[in-house]
Amino acid sequence: MIGLYILINGVLNKNKTFKFGMSMRLQERWYDYSDTFEDPRYHCIFIFNTKLNERQVKFLEGKILEKTKRYWCVGWGAEYRDNKLISYQDFIKICEDILLEYVDYRIDYNPVFDKPKRIYKDTDIEPLEMKPIYKIESSDTKFKLKNLEKYDHQIELENNLDILYRDYIATFIWCCGMGKTIMSLIIAEKLEINSMLICVPYISILLQFRETIKKFTDIEPICYYSDSDNKILLTDEYFKSDKIKIVISTYHSCKKILEVTNEYNFKFDFKIGDEAHHLVSTIKEEDKNTFEKFHYIKSVFTLFMTATKKTFENKHGFDMRKKEHFGETIDHKNTRYGIINKRITDYNILTLTNTCKEINDIMNEIDFDVITNYNNIKYDKTELFMAAYFGLKSIEEGLTTHILIYTNTTNSADIVEKVIDILLAKNLFTKVTKDNLYNKALYSQTKCELNIFDDDPLKPPCEMSKFNKSKYGIISCVQIFAEGVDIPILNGVVIGENMSTVIRIVQSCLRPNRLDENQPNKKAYIMIPTNINGINQKLKDVIEHMGKEDSDISQKIKVINCNSKSSTICEIYDKDVKLNFDKEKTAQLNYKLYNSNLFEGGLSLEKQYECYKKLLQTKNYKFVADYLKYNFEDKIDNPPVHFHGVWKNWFDYLSIDYSQWIKNKNEWRSFCKKLNINNIEEYYEMVNVHKNLPPEPEYFYKDFKNITYELNINKRKFRLRR
């Protein structure tokens with residue numbers, strides 16, 4: 001007998017729930033439950049069409065699951081419903097509305113089945129209990145991965161999909177490089193799907209998804225986008241087939257897919273929205289070919305994934321805060337998690353400084369008006385020059401080998417490429433030459449994206465293949481390399497111009513953090529050239545937004561000076577110019593960043609004390625008197641008062657080691673008397689002999705007046721010996 005059953009017993013009643021399910025063998029199912037549960041009661045809807053196959057029965061069950069998911073009983077399986085939210089009688093009415101559309105049926109609230117005789121079986125014979133449908137279907141109709149080694153964080157999420165099972169929609173947020181693509185396929189396998197739609201914002205990500213699926217399955221997905229010839233493959237015959245169906249598309253083509261699936265009345269088992277922040281928008285007109293059409297494509301399960309959550313201040317729009325649009329966030333792993341767990345590389349933020357004169361001296365040799373050939377183009381030539389120069393210099397100094405330089409416009413990207421060519425022609429660099437450096441401005445208007453990313457063996461090498469195979473590489477770009485692109489060889493980015501959005505900053509800065517088996521000790525570099533005093537806006541934006549993903553960011557900021565061995569002024573034409581870490585300026589910058597509240601959590605007095613200590617360490621003070629004597633930027637005149645509540649002592653403040661000094665003033669006094677110190681000069685002589693004597697006891701001991709008074713020796717003029 002085929003039909004739907006509702007199961008109730010004492011335990012379920014006590015927990016205010018009931019169970020339902022579809023079965024092709026209602027009588028045997030009843031036998032299983034009567035053998036397992038105490039005092040079970042069964043309500044059944046019998047379906048007359050005995051020709052229904054298992055997939056059709058499961059289809060009906062899926063319809064009922066979806067229609068009644070809001071009545072799910074928290075803490076129980078997907079087929080349990082909360083009878084405080086809905087009675088089983090009302091539940092049956094909902095089932096009738098669904099079944100009426102597809103089959104003929106009758107309801108029996110108290111069915112009587114002939115209980116089969118118990119059959120005692122040998123251990124090698126399968127038990128009578130009916131197995132779930134998905135386990136008896138042919139394996140070639142279910143999505144399976146092969147030869148995949150899962151990481152701990154992937155297994156953790158795979159085993160925590162209760163919310164997705166309950167709501168049929170969910171989001172997970174993982175930082176760039178953590179493996180969202182693979183994770184979505186692991187979830188697809190867990191759901192045992194037969195059909196899947198994957199949508200992405202760019203063709204580059206589409207191609208990566210395709211290659212990942214081909215690597216771990218035997219399936220050739222249909223890639224559906226504006227320039228492809230695959231549109232004709234999405235037919236009624238294709239959708240009705242039992243074979244596994246995977247369609248990968250860009251959001252630009254969502255309207256077409258929506259029209260095709262509506263035409264053939266097809267519903268995907270699983271729908272994936274990658275880089276889901278692109279799906280946050282207003283609700284557009286129906287005939288508009290816009291990204292939000294993705295939300296209307298039918299699927300049983302929907303999964304969104306991104307590294308950067310986006311919200312939208314419009315109550316009528318699609319917003320990631322709205323569970324009805326994006327579901328609950330089932331997992332969130334930020335940049336710090338990825339670094340600590342070694343799923344992405346660590347990084348440093350290098351702010352590269354020079355004076356305006358140093359930059360202008362060489363820029364005068366480059367006629368920007370000649371190399372641009374554009375009229376009315378707005379750009380900061382100093383910014384673009386510094387991005388090009390320091391990008392090359394980072395390779396020359398061995399910090400990086402392959403980098404991206406981000407600009408805001410395609411014109412700026414072209415300018416950076418030309419500046420690099422000019423600098424190479426002047427033979428300023430020893431390691432980097434025109435022959436061993438790949439240098440191109442790449443963006444969607446340069447070439448078809450397929451020519452940039454698609455490494456088809458039947459075609460000439462794509463641009464990314466050339467970049468990956470080159471000894472050194474620089475790509476000047478705008479947007480297509482900012483999201484989702486997997487380039488393990490990449491180990492640096494240069495922020496050439498200000499970026500306007502949080503999402504673009506975080507996504508772009510983390511592009512070089514992918515693990516690379518050929519660089520086991522890889523560290524990524526985010527380079528921000530600046531030639532002004534204070535805090536550059538580009539640096540502010542990067543620190544503020546990256547800091548929300550990584551609470552350790554303050555430890556990764558370095559100020560780099562461009563210095564020449566032969567001159568105190570940077571001669572950029574000199575091949576001896578080196579990039580040098582400036583410890584003092586780094587400490588000053590960190591202090592300014594803290595004072596500007598750019599770090600997550602703000603600046604507490606205790607944090608300010610520790611931060612200021614690091615600044616003072618760069619000055620290498622040996623005596624308190626030196627601190628009091630000299631002035632410098634950001635000096636605090638009365639630190640014991642300023643840091644009241646967290647103040648320890650002067651020597652902790654100045655990071656002067658006092659661990660060996662006599663801690664108690666009376667003990668100090670006794671020790672000095674044993675040494676028979678009769679004047680101040682003798683005391684300072686003894687300081688050089690006995691490491692337990694503080695050189696400035698007046699700043700070390702509480703209520704200490706002076707050495708003469710404390711030792712009762714005659715006062716006399718003296719000069720501090722150091």
**OP:** Provide the FRET efficiency to the nearest 0.05 for the ASP242-ILE340 pair, computing r from the beta carbons and using R0 = 35 Å.
**Re:** 0.20
Subject >> For peptides 232-243, 495-506, 416-427, sequence by mean Cβ density within 10 Å, most packed first >> reply: 495-506, 416-427, 232-243
Subject >> the stretch 393-481, dipole about Cα centre (Lys/Arg Cβ +1, Asp/Glu Cβ -1), debye to the nearest 20 >> reply: 280
Subject >> Fully extended contour minus Cα-Cα distance, from PHE59 to ASP626, at 0.36 nm per residue >> reply: 196.0 nm
Subject >> Whole-Hz ³J(HN,Hα) from phi, Karplus 6.51 cos²θ - 1.76 cosθ + 1.60, for the stretch 540-550, glycine and proline x >> reply: 3, 5, 5, 5, 4, 8, 5, x, 6, 9, 9
Original post:
Which residue, chosen from SER465, CYS672, PHE623, occupies the Cα position most advanced towards the positive end of the dipole of the chain, where the dipole is computed from +1 (Lys, Arg) and -1 (Asp, Glu) charges on Cβ about the Cα centre?
Top reply: CYS672
**OP:** Taking the Cα centre of the stretch 595-647 as origin, sum charge times position over the Cβ atoms of Lys and Arg (+1) and Asp and Glu (-1), and report the length of that vector in debye to the nearest 20.
**Re:** 240
**OP:** Note the listed values (i) 119, 87, 63; (ii) 116, 73, 52; (iii) 133, 80, 56, then indicate which one is Cα extents along the principal axes in Å calculated from this particular structure.
**Re:** (ii)
**OP:** Kindly provide the helix-only [θ] at 222 nm of the chain, computed as the sum of -39,500 (n - 2.57) over DSSP H runs of four or more divided by all residues, to the nearest 500 deg cm²/dmol?
**Re:** -9500 deg cm²/dmol
Original post:
Which residues does a label at ASP32 reach in the stretch 50-94, if reach means a backbone N under 14 Å from a point 7 Å past the Cα toward the Cβ?
Top reply: 58, 79
Original post:
Going down the table (LYS648/LYS673; LYS558/LYS613; LYS614/LYS702; LYS19/LYS84; LYS67/LYS293), which pairs top 19 Å between alpha carbons?
Top reply: LYS648/LYS673; LYS614/LYS702; LYS67/LYS293
Subject >> Under 5 Å, built H, 5+ apart or other chain: amide partners of THR329 >> reply: THR171
**OP:** Mind running the shape call on the stretch 192-297? Use the C-alpha gyration tensor, a ≥ b ≥ c as the square roots of the eigenvalues: rounded below 1.5 for a/c, prolate if a/b tops b/c, oblate otherwise.
**Re:** oblate
Subject >> the stretch 178-214 residues near the modelled LYS548 label - backbone nitrogen below 20 Å, point 7 Å along Cα→Cβ >> reply: 178
Subject >> Mean Cα-pair separation over length for the chain, i.e. relative contact order, pairs under 8 Å, 6 or more apart, % >> reply: 9
Original post:
For the residues THR217, THR409, THR306, what sequence is obtained by ranking on other C-beta atoms within 10 Å, fewest first?
Top reply: THR409, THR217, THR306
**OP:** Just the number, please: percent antiparallel of the DSSP beta bridges in the chain, rounded to the nearest 5.
**Re:** 30
Subject >> Dipole-positive endmost among GLN660, ALA307, LEU52 within the chain (Cβ charges, Cα centre) >> reply: GLN660
Original post:
Placing +1 at every Lys and Arg Cβ and -1 at every Asp and Glu Cβ, with all other atoms neutral, what dipole size does the chain have around its Cα centre, in debye to the nearest 20?
Top reply: 2380
Subject >> Cα lying deepest toward the dipole's positive end in the stretch 161-221, options PRO221, TYR168, VAL200, charges on Cβ >> reply: VAL200
**OP:** Sort the stretch 665-711 into rounded, prolate or oblate with this rule: let a ≥ b ≥ c be the square roots of the eigenvalues of the Cα gyration tensor; rounded if a/c is under 1.5, and if a/c is not under 1.5, prolate when a/b is larger than b/c, oblate otherwise.
**Re:** rounded
**OP:** Given the peptides 475-481, 76-82, arrange them by the average over their residues of other C-beta atoms within 10 Å, most packed first.
**Re:** 475-481, 76-82
Original post:
Applying 1/(1 + (r/R0)^6) with R0 = 25 Å to the Cβ-Cβ distance of ASN597 and ASP380, what FRET efficiency is obtained, to the nearest 0.05?
Top reply: 0.40
**OP:** Using 0.36 nm per residue of separation minus the Cα-Cα distance, give me the extension gain between ASP657 and GLN537 in nm, one decimal.
**Re:** 39.4 nm
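Readers should treat all values here as calculations from the given coordinates under stated rules, not as data from a laboratory. Predicted model only: the values in this text are computed from it and were never measured. Counting neighbours? That spans all protein chains shown, and the Cβs are built from the backbone with ideal geometry, glycine included.
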